Amino acid sequence: MSYEEVRKVWMNGRLVDFADAKIHAFSHVFHYGSAMFEGVRVYKTRNGAAAFRLDDHIDRLYHSCKIYRMEIPYTGAEFKEAIFDTIRANGFDACYIRPVIYRGLGALGVNPFRSPVDVVIGVWKWGQYLGADAIVNGVDVCVSSWNRMAPNTFPAMAKATGHYLNSMLIKMEALVNGYTEGVALDSSGRVSEGSGENLFLVHRGRILTPPLEGSILPGITRETVITLARDAGYTVVEQQVAREMLYIADEVFFTGTAAEITPVRSVDRIPVGSGRRGPVTERLQKDFFALLEGDAEDRYGWLTPIPVEARV
Ligand code: PMP
């Protein structure tokens, strides 16, 4: 990953040079992880650059902030314009968008109310998150010894930076043991999600995925895949998943804005099905990428074109 091509970053209403996109060391967020964020992809479709499910990502950002009692000082429409401005200022078509709402420089101490709510929007070019050939050949994963947060500890539905310390423990453990990613169980021992992806299984022709109350992030790609799968005639069930289902499933795959749809070819060194990408995963990838490339009809209005000119 390289930030060389990034020219401008949006900070509290202004576009600043990449080199000047700095925050103070006494900012609340730096000490206590008090930020909410999003990750959105812009695809170069047949009909120009378009953000995927931008309104849904903005909604989730506002919801994360509501949960953590942070008021975003912009309307959703203003926020969207700011995102467009940032993309245009960098001259990108395909890119990744990272808005961050954080508690800035005010007063340190756990109480966040004395620190302002500041906003940053960054964009950069980001390729395949789990490796270039992962989309076709799949990844090797382990079940993590770290659980996702128990329901009464952190609100899993909020995409908060502080929560990602848990994700980092899952990811690091996986990497140092030679896996690409870890799958965490929830506090009751059921399958939850990867460090930065939701998880699906195919078992006896049905598609299963852990429910929202399984300490997962309500993934927008997850919801997309559920919709596309039902449209394709598959039965999709949101239900609790026992760990051992990972070992006997015919197919397992991850979903996420960064990971898109990535097959899992082994769990704890046990091959998933034949150990290769399965037909259901492949079919869903086909439908998903056809939509993102502009080859399939955008039935649900999921693609937001990036306006070429700024609004006057
Ligand atoms: N779970 C976690 C913990 C994540 O960080 C992400 C990435 N945002 C996801 C799931 C997938 O969510 P989405 O499809 O909205 O990117």
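No lab work stands behind these numbers, since they all come straight from the coordinates. Every value quoted in this text rests on a predicted model; they were computed, and no experiment measured them. Virtual Cβ from ideal backbone geometry, glycine too; neighbours counted across all protein chains shown.
Report the charge-dipole magnitude of the chain in Debye, nearest 20, computed about the Cα centre from +1 at each Lys and Arg Cβ and -1 at each Asp and Glu Cβ. Could you put the intermediate results ahead of the total?
Numbers: 34 positive and 37 negative charges, 78 e Å.
Taking the Cα centre of the chain as origin, the dipole is about 380 debye.
With Cβ to Cβ distances under 12 Å as the rule, what net charge do the other residues near GLY104 carry (K, R +1; D, E -1)?
+2
If one computes the Cα centroid of the range 6-23 and of the range 34-82, what distance in Å separates the two points?
Comparing the Cα centres of the range 6-23 and the range 34-82, I get a distance of 18 Å.
Below 8 Å between Cα atoms, with a sequence gap of 6+, how large is the relative contact order for the chain in percent?
This gives 20 percent for the chain.
Where in the range 1-38 does the amide nitrogen come within less than 17 Å of the point 7 Å from the Cα of GLU81, taken along Cα to Cβ?
Within reach of a label on GLU81: 10-15.
Report the residues of the range 41-81 in range of a label on VAL308: point 7 Å along Cα→C-beta, backbone N strictly under 15 Å from it.
Once the point is set 7 Å along Cα→Cβ of VAL308, 45-50 turn out to lie under 15 Å by backbone N, inside the range 41-81.
Ordered by residue, what ³J(HN,Hα) values in Hz, to whole numbers, does the range 2-9 give under the Karplus form 6.51 cos²θ - 1.76 cosθ + 1.60, where θ = phi - 60° and Gly and Pro are x?
Running phi through 6.51 cos²θ - 1.76 cosθ + 1.60 with θ = phi - 60° gives 9, 9, 3, 7, 7, 9, 10, 10 Hz.
Select from VAL141, SER187, PHE289 the residue farthest towards the positive end of the dipole of the chain; place +1 on Cβ of Lys and Arg, -1 on Cβ of Asp and Glu, and compute about the Cα centre.
Farthest towards the positive pole: SER187.
Cα to Cα, under 22 Å, and not fewer than 8 places away if on the same chain: which lysines meet these conditions relative to LYS8?
Within the straight-line cut-off, LYS8 pairs with LYS22, LYS44, LYS80, LYS125.
Taking the number of other C-beta atoms within 10 Å as the exposure measure, put LEU303, LEU165 in order starting with the fewest.
Neighbour counts put them in this order, fewest first: LEU165, LEU303.
On a C-alpha basis, how far is the centre of the range 139-188 from the centre of the range 229-284 in Å? Whole number, if you could?
18 Å
Taking R0 as 30 Å, what FRET efficiency do you get between ARG283 and ASP56 from their Cβ-Cβ distance, rounded to the nearest 0.05?
0.80
Taking all pairs of distinct Cα atoms, average 1/r, flip it, and tell me the Kirkwood hydrodynamic radius of the chain in Å to one decimal place.
Every distinct Cα pair counted, the radius reaches 20.3 Å.
If each of ASN47 and GLN128 carries a label point 7 Å out from its Cα toward its Cβ, how far apart are those two points in nm?
The modelled label-to-label distance comes out at 2.8 nm.
Once you keep just the Cα pairs under 8 angstrom separated by 6 or more residues, what percentage relative contact order results for the range 108-235?
21 percent
Is the range 246-312 rounded, prolate or oblate when judged by the Cα gyration tensor, a ≥ b ≥ c being the square roots of its eigenvalues, rounded requiring a/c under 1.5 and prolate requiring a/b larger than b/c?
Verdict is prolate for the range 246-312.
Take each of the peptides 107-113, 44-50, 26-32, 181-187, average the number of other beta-carbon atoms within 10 Å over its residues, and list them starting from the highest. Let's see the in-between values first.
Values: 107-113: 12.1, 44-50: 15.7, 26-32: 18.4, 181-187: 22.6.
Descending packing order for the listed peptides: 181-187, 26-32, 44-50, 107-113.
Once the piece of chain linking ASP93 and TYR300 is laid out straight, how much longer is it, given 0.36 nm per residue of separation minus the C-alpha distance between them?
72.3 nm
Using a/c under 1.5 as the rounded threshold, could you call the range 176-274 rounded, prolate or oblate? The axes a ≥ b ≥ c are square roots of the C-alpha gyration tensor eigenvalues, and prolate needs a/b larger than b/c, oblate otherwise.
Verdict is rounded for the range 176-274.
Each residue of the range 121-130 in turn: what ³J(HN,Hα) in whole Hz from Karplus with 6.51, -1.76, 1.60 and θ = phi - 60°, glycine and Pro shown as x?
Each residue's phi maps through the Karplus curve to give 10, x, 9, 7, 8, 9, x, 5, 5, 9 Hz.
For the pair ALA19/GLU293, report the inter-label distance in nm, with labels modelled 7 Å from Cα in the Cβ direction.
4.0 nm
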